[in-house]
1. Set the Förster radius R0 to 41 Å, insert the Cβ-Cβ distance between Glu402 and Gln194 as r into 1/(1 + (r/R0)^6), and round the FRET efficiency to 0.05.
2. Given labels modelled 7 Å from the Cα in the Cβ direction, how far is it in nm from Thr302 to Tyr100?
3. List every residue whose amide H lies under 5 Å from the amide H of Leu493, counting only residues 5 or more places away in sequence or on a different chain, with H placed 1.01 Å from N in the peptide plane.
4. Between Ala47 and residues 5 or more places away or on another chain, which pairs have amide H atoms under 5 Å apart, with H built 1.01 Å from N, and which residues are they?
5. Amide H to amide H under 5 Å from Thr29: which residues, 5+ apart in sequence or cross-chain, H placed 1.01 Å off N in plane?
6. Going by average Cβ density within 10 Å per residue, which order do the peptides 287-297, 242-252, 81-91 take, highest to lowest?
7. With a cut-off of at most 15 other beta carbons within 10 Å, and DSSP calling the residue loop, which trypsin sites (Lys or Arg not before Pro) in the stretch 430-497 qualify? Please list them.
8. Can you run phi through the Karplus equation (6.51, -1.76, 1.60; θ = phi - 60°) for the stretch 472-480 and list ³J(HN,Hα) in whole Hz, with x for Gly and Pro?
Amino acid sequence: MSNEYSVNLTGSTHRTSTATLHIIFLLFTKNCLFKITPPKAKWCQCAVCGNHGPRLHACVHCVHFACYQGHIQEHAKTNDHHLVIDLDHGQILCNACGDYVYDSEIAKVARGIKEKNRRSVGLDKEFLGWEPDDVELTLLQAHPKRRRPTPNSTIGLRGLINLGNTCFMSCIVQALTHTPLLRDYFLSDKHVCQFNNDATRCLVCEIARLFQEFYSGNKAPLVLHKLLHLIWTHAHHLAGYEQQDAHEFFIAALDVLHRHCQGNPPTNGDSTNTCSCIIDKIFTGGLQSDVVCQSCNGVSTTIDPFWDISLDLGPCPYSNGNSKQADKSSPTSLTDCLERFTRAEHLGSSAKIKCSNCHTYQESTKQLTMKKLPIVCSFHLKRFEHNTRLHKKINTFIAFPEHLDMTPFMSTRRNNNNNHSTVKIDPSDIHNRYSLFAVVNHVGSLDAGHYTAFVRQHRDQWYKCDDHLITRASIQDVLKSEGYLLFYHKQILEYEG
């Protein structure tokens, strides 16, 4: 490490020694102490107003403490001391540009102090993920089907600081960090970075760091500034401080994570998966589309991968295969939505297709069914309507269950049962059963709304995540919520050793 740290600000270079940064992090920055020992600097207070906050900052050029109510900015302007440290989170603020500075030297100093504090209380080793030995591997191969374990602790519950209309991001992060297999993957340190472990470019490295923070045992709220910057960098349509759609952020996050994960293309000809990365393994399913010619009954089948299923909530705009009249009723439950999603749709005379069997343009019906179910089923209830005349939110209550059986909507059952979902379930269908583990809600209107999330910590404990506030909730609170994004996890997992 060099003896000096320099940042070019508005044409001039400001320097401060790493020794100064080391002392400030060691004595004053709260997040480095893990809240194990009482603060060593209770005498720290704003030199102007005498208060201990909010957001107390320390100048790295001289001995000066001031709050973020304009006093630290006045000091910077008067003395040309532009670099200060936020004592709550250890971030470097540049008063010349009004933004925070992220530097590898500073991060190295912070990591060194954290490592020293960890050793001082006997925590001399980093967390190491479990890997099966030869005996355990033999047992797993002999018993491939197992029930997913549920942890019996509250570790992993952390609030997230709202950086200004970032609740859409916070609720998705809460859902992802409470996705069991995704948690196991990152806590086992399985990620191999494609960017030479450059966390400023790799979103997966940042997510891995967040998982470590979530499950470290620390309860202090987290700031997702690095994640937000990476999303802005790799998904330009989400850049800016205006409120974004949580569903759009979810899909964009999965897309970037998928692109930054290292995975191999499938070799078995399975078109429902694009690669073997952790994102595809957990979230990708196969959606079968059957187009049936009304003249010769020829069937054209395609299978497309999906990360989530978007479900309409308004009146059905199309007719089914047996009626020319459109169904004007609206769904009232998740089962209704799925039943309508997998119902045959008559495409009509204005959408004739050329049949590959009779080689003429004919009317047809189209039906979507589940060819392959993912480990995590994500459902998007389309509550926001946007058209040329009207923009509105659908506040209709849609009932959704704690446990969901997807068997009636599978291709093998739906297509072979004349579109009737009330079929007898045989014991093998237990592999299509899911349990709810996260719900994202949107309260308010399109113009003034707010996102919150419910997450399940283990089998029977639910918590409501409202930015930095984490409160206990009941399953009744969850099931009575409006529901915008629903996340279900498979109850039975298969070992693919």
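1. On the way: r = 39 Å, r/R0 = 0.94.
Calculated value: 0.60.
2. Here the modelled spin labels are 4.4 nm apart.
3. HN-HN under 5 Å from Leu493: Arg146, Arg148.
4. Distant-sequence amide H within range of Ala47: Phe65, Ala66, Cys67.
5. none
6. Details: 287-297: 17.0, 242-252: 18.6, 81-91: 21.4.
The packing order, highest mean first, is 81-91, 242-252, 287-297.
7. Values: sites: Arg433, Arg456, Arg459, Lys464, Arg472, Lys480, Lys490; in loops: Arg459, Lys480.
When the trypsin sites (Lys or Arg not before Pro) of the stretch 430-497 are filtered for loop state and at most 15 Cβ neighbours within 10 Å, Arg459, Lys480 remain.
8. 5, 9, 9, 5, 5, 4, 5, 6, 8
Only the coordinates and a few stated rules stand behind these numbers; no lab work does. Keep in mind the model is a prediction, meaning the values are calculated, not measured. Positions of Cβ are backbone-derived with ideal geometry, glycine not excepted, and every protein chain shown enters the neighbour counts.
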